[in-house]
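Participant: Quick one: this structure, given as structure tokens, is what I'll be asking you about.
Rule-based calculations on the coordinates, nothing more; no lab input. All values reported here derive from a predicted model rather than from experimental measurement. Here Cβ is always computed from backbone atoms with ideal geometry, including for glycine, and neighbour counts include all displayed protein chains.
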Amino acid sequence: MDTNKENIEFFDIEIVGSNNPQVLIQFLNHGTGKLEPYWLGRMTEDEAIALSEKFDDTETLRIGFNSTKFDMPILAIIRAGFSNKDILEASNELILEGTSHWQLLSKYGCEALDWNHIDLYEVAPGVQISLKTYAGRLAFPTMVEHTNFQKELVTQSDFDEVTQYCANDLRVTQALYNALQTELDLRTEMSYRFEMDLRSKSDAQIAEAVISAILGLRNKRQTPPRYVRYVAPDLIQTDNEQVLEVIRAFEAEYFTINPANGSPIEPDWLKEPIQIGKHRYKFGLGGLHSADDNNMFLRVDNAYRISDFDVGSYYPRIMLACGVVPALGSREKGEQFLQIYQSFFDERMEHKHAKRKRLANSMKIFLNGTFGKLGSIYSKFYAPDLMLAVTITGQLNLAILIAELEKLPDVTVRSANTDGIVIQYPHDQRSGVLDVFSTNSNRTTFEYEETVYETYAARDVNNYIAIQPDGTAK
């Protein structure tokens, strides 16, 4: 982001003590490194004026972590002049009672701060991950845990300890901000393009916000169906009896929906691995996973090659191929949804083939983010039937590939994981292997991307290292 560093501040709030709560608001200037701590009720007149000016400053870019749901509403209550005890009570409502930030502002009769604000919580790649965990992942030199927020602050040393704890969190937030520049730049560009603030949103939230605005969809909690069914699309074709048996089982199943969270419940028969070709695989309501690739070591030699074939944009391609539309109030809205999704997909492919990586990645956010919302009962895009159509079709297509590849002499699929498979095969079978993928691609329109390995070592399907011919590791 091109913003002048001195016009960027990181901010955080600490509320400590239960009988006599103390409230700290602290800022860290990105350019100068200057820390500005403000203890409510302990400020000088000049500090009170400076804090008041910060509340009114809408130009400075302010960065927080989980600040949309906590710090920003608490700051609005502070600006309105509520006492420290009121602030503690409001904090408990947010944290302990699960009150939403907009409900809290309504209860206290406060207007939200009109700050230029970014919350890194959803932008960062983890799910429900704490700032302390990010500190570890970033190898930040200090990780400070303040464990007793019930402690009453009495001495200056008590206050200094909390100030230093908060300062460390601010520096971790700064380090996380620096690490997320690519993600933030993409969100800033998309915010300009779609004329809405997308800077604090996750991939899925961006997709939902943009497509909902285009279609004029309103927020509402969806009513889950009692069950959903799966019907294999035309692209799923095989004469392998093992795969056909799996297809019949999927199509015969009534997938019960959990009414509490709207998610399909995995039937018992999917809990055990299923034999396809030479090995067993774990099917499920997500992706396909190998069951027999633990403690594996493979190396290229005079007899065998190793290749990893991944499907490019697998789930988006399946979504467009399945012919299932989400229930958005009308069939017309559902079809418009897929038309918009198709346009984003086409745009991404155009950018990708032209090697415009930045633009391709921005469209990837929409494609993957949209799929991520299909299983959420709180999303306008909630469609458990479409979600299952995508994930099950993806697994069946990989199973078909496995069966076809292992018809070839001495060809073995060594590992499978969601959208790709690792194959060990004789050098003289390479044309046959490529023909299998070409035939599949012609039928399905899926595009396969090959990565050649020299060495492949796996503890299990999710923990492996592969060395490519140029020495780079995956």
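Participant: State whether the chain is rounded, prolate or oblate according to the following rule on the C-alpha gyration tensor (a ≥ b ≥ c being the square roots of its eigenvalues): a/c under 1.5 gives rounded; otherwise a/b larger than b/c gives prolate, and the remaining case gives oblate.
Facilitator: Verdict is prolate for the chain.
Participant: Moving on to the next point. Can you tell me the Rg and the Dmax, both Å, for the Cα atoms in region 379-474?
Facilitator: In order Rg, Dmax, the Cα atoms of region 379-474 give 15.6, 51 Å.
Participant: Relative to the Cα centre, what is the charge dipole magnitude of region 374-471, using +1 at the beta carbon of each Lys and Arg, -1 at the beta carbon of each Asp and Glu, and rounding to the nearest 20 debye?
Facilitator: 340
Participant: Something else: Å³ per residue of the Cα convex hull, for region 12-103?
Facilitator: That works out to 107 Å³ per residue.
Participant: Calculate the spin-label point distance for Glu241 paired with Gln468, positioning each point 7 Å from the Cα along the beta-carbon direction, and give it in nanometres.
Facilitator: 4.2
Participant: For Ala48 paired with Glu347, estimate the spin-label separation in nm (one decimal), with each label point 7 Å from Cα along the Cα-to-Cβ line.
Facilitator: Rounded to a tenth, the inter-label distance reads 5.1 nm.
Participant: Expressed in nm to one decimal, what extension gain is obtained for the pair Gln128 and Lys407 from 0.36 nm per residue of sequence separation less their Cα-Cα distance?
Facilitator: Separation in residues times 0.36 nm, less the Cα-Cα distance, equals 96.0 nm.
Participant: In addition: Pop a pseudo-label 7 angstrom from the Cα along the beta-carbon direction at both Asp158 and Ser191 and give the gap in nm to one decimal.
Facilitator: Here the answer is 4.0 nm between the modelled labels.
Participant: To continue, here is another question. Quick one: length gained pulling Asn7 to Arg443 fully straight, 0.36 nm per residue minus the C-alpha distance? It would help to have the intermediate numbers written out before the result.
Facilitator: Values: separation 436, 0.36 × 436 = 156.96 nm, distance 5.44 nm.
Separation in residues times 0.36 nm, less the Cα-Cα distance, equals 151.5 nm.
Participant: A further question follows. Taking the Cα centre of the chain as origin, sum charge times position over the Cβ atoms of Lys and Arg (+1) and Asp and Glu (-1), and report the length of that vector in debye to the nearest 20.
Facilitator: 960
Participant: Separate question: Glu266 to Ser330: extension gain in nm, 0.36 nm per residue of separation minus the Cα-Cα distance?
Facilitator: That works out to 20.2 nm of additional length.
Participant: Helix 181-194 sits at what angle to the longest principal axis of the chain, using alpha carbons and giving 0 to 90 degrees rounded to 10?
Facilitator: Between the helix axis and the principal axis of the chain, the angle is about 90 degrees.
Participant: For Ala291 and Arg459, what is the calculated FRET efficiency with R₀ set at 22 Å and r taken between the beta-carbons, to the nearest 0.05?
Facilitator: So, using R0 = 22 Å, E works out to roughly 0.95.
Participant: Further question: Is region 133-205 best put as rounded, prolate or oblate by its Cα gyration tensor, with a ≥ b ≥ c the root eigenvalues, rounded for a/c under 1.5, and otherwise prolate when a/b is larger than b/c, oblate when not?
Facilitator: Numbers: a/c = 3.37, a/b = 2.35, b/c = 1.43.
It is prolate, given that a/c is not under 1.5 and a/b is the larger ratio.
Participant: Another question, then. In region 233-376, what is the volume of the convex hull around the alpha carbon atoms, normalised per residue and reported in Å³? Working shown, then result.
Facilitator: Details: hull volume 27.8 nm³, N = 144.
Per-residue hull volume (Cα only) is 193 Å³.
Participant: Give me the angle, in degrees from 0 to 90, between the Cα long axis of helix 357-373 and the longest principal axis of the Cα atoms of the chain, rounded to the nearest 10.
Facilitator: With rounding to tens, the tilt is 90 degrees.
Participant: Say a site is exposed when it is one of the GluC sites (Glu not before Pro), sits in a DSSP loop, and has at most 11 other Cβ atoms within 10 Å; what is then the longest site-free stretch of the chain?
Facilitator: 196-474
Participant: Something else: Within the set Lys355/Lys407; Lys333/Lys373; Lys132/Lys364, which residue pairs have Cα atoms separated by over 27 Å?
Facilitator: Lys355/Lys407; Lys132/Lys364
Participant: Taking all pairs of distinct Cα atoms, average 1/r, flip it, and tell me the Kirkwood hydrodynamic radius of region 2-65 in Å to one decimal place.
Facilitator: 12.7
Participant: Which shape class applies to region 85-128: rounded if a/c is under 1.5, otherwise prolate when a/b exceeds b/c and oblate if not, where a ≥ b ≥ c are the square roots of the Cα gyration tensor eigenvalues?
Facilitator: It is oblate, given that a/c is not under 1.5 and a/b is not larger than b/c.
Participant: Here's a follow-up. Give the distance, in whole Å, between the Cα centre of region 167-209 and the Cα centre of region 1-54.
Facilitator: Answer, in whole Å: 22.
Participant: Where in region 267-304 does the amide nitrogen come within less than 12 Å of the point 7 Å from the Cα of Glu450, taken along Cα to Cβ?
Facilitator: In region 267-304, the label zone of Glu450 (backbone N under 12 Å from the point 7 Å along Cα→Cβ) covers no residue.
Participant: Go through Pro316, Leu244, Met296 and say which Cα lies farthest out towards the positive end of the charge dipole of region 237-345; charges sit on Cβ, +1 for Lys and Arg, -1 for Asp and Glu.
Facilitator: Pro316
Participant: Oh, and also: From zero outward in steps of 10 Å, how is the percent of C-alpha pairs of region 229-289 spread across the bins?
Facilitator: 19, 52, 25, 4
Participant: Where both partners of a DSSP beta bridge lie in the chain, what percent of those bridges are antiparallel, to the nearest 5?
Facilitator: Taking every DSSP beta bridge within the chain, about 90 percent pair in antiparallel fashion.
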